[in-house]
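Only one structure is covered here, and it is reproduced in the block below.
The values are calculated or read from the model by the stated rules, or taken from the named source; none is laboratory data. Computed from a predicted structure; not experimentally measured. Cβ atoms come from the backbone with ideal geometry, glycine included; neighbour counts cover every protein chain shown.
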C-alpha cells in the first residue's frame, strides 16, 4: 500500500511542474496583470490604505481640497494666479498715433494691483521674427477691475504681437 501511494505522488509531481503550460492564455494574462498590480502597489508611495484613500475621495468633508473656481471673465486666459488677459477686439480701441500699428490687451487682477500693472508685448514681422517690443502701464488697479493697455509701434514691418510679460 505504501508503494502505491508513492507511485501516486510521483504521477502528480509532473502535473504540478507543468502547471504554467496547462493554463489557458487568458489565465496567464490575468496572473501577469495581477502580479504587476501587486508589484506596482508595493513600489508606489504610500497614500494610506485602500479604504482610507476611498473614504477621502468620496467624503464630503470640509477638509478636502475644493476644486479651484475660475475667477476671471469668460474669454480671458490665465496669465498667473492673480492676472488674466485677452486681446482686445480691434473695434474696442484706437491707436494713439495715426501711423504705425497698435494692439491692446484687457487685463484683470483677482487681488488687484495697488502699485500698478505693467505689460510688454513682442512685435513680430510677417515671417514671425521678433523685431521690436513695446510696453504699457496703468496705476492702482482694484481687485477684479478690467484694465485695457494699448501698445503702439512705429515699426513699419510690424505684423503681429505676442504678450511676453505682465507684472502686478
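Summary of computed values
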quantity: Residue selected from segment 80-90 under the condition loosely packed, with under 13 Cβ neighbours inside 10 Å and modelled with pLDDT of 90 or more, by the criterion farthest from residue 150 (Cα to Cα); calculated: 81
quantity: Scope segment 67-88; condition outside any loop (DSSP other than H, G, I, E, B) and within 16 Å of residue 143 (Cα to Cα); matching residues; calculated: 78, 83, 84, 85
quantity: Residue within segment 122-134 that is under 21 Å from residue 72 (Cα atoms), surrounded by 14 or more Cβ atoms within 10 Å (Cβ to Cβ) and out of contact with any helix residue (DSSP H, G or I) (no Cβ under 7 Å at 6 or more places or on another chain) present; calculated: no
quantity: Enumeration of residues in segment 116-168 that are in a strand (DSSP E or B), more than 19 Å from residue 96 (Cβ to Cβ) and either out of contact with any strand residue (DSSP E or B) (no Cβ under 8 Å at 6 or more places or on another chain) or in contact (Cβ under 8 Å) with a residue 60 or more places away in the chain (or both); calculated: 146, 166
quantity: Test: residue in segment 82-98 that is on the phi > 0 side of the Ramachandran plot, touching a residue at least 24 places away in the same chain (Cβ under 8 Å) and touching a strand residue (DSSP E or B) at 6+ places or on another chain (Cβ under 9 Å); calculated: no
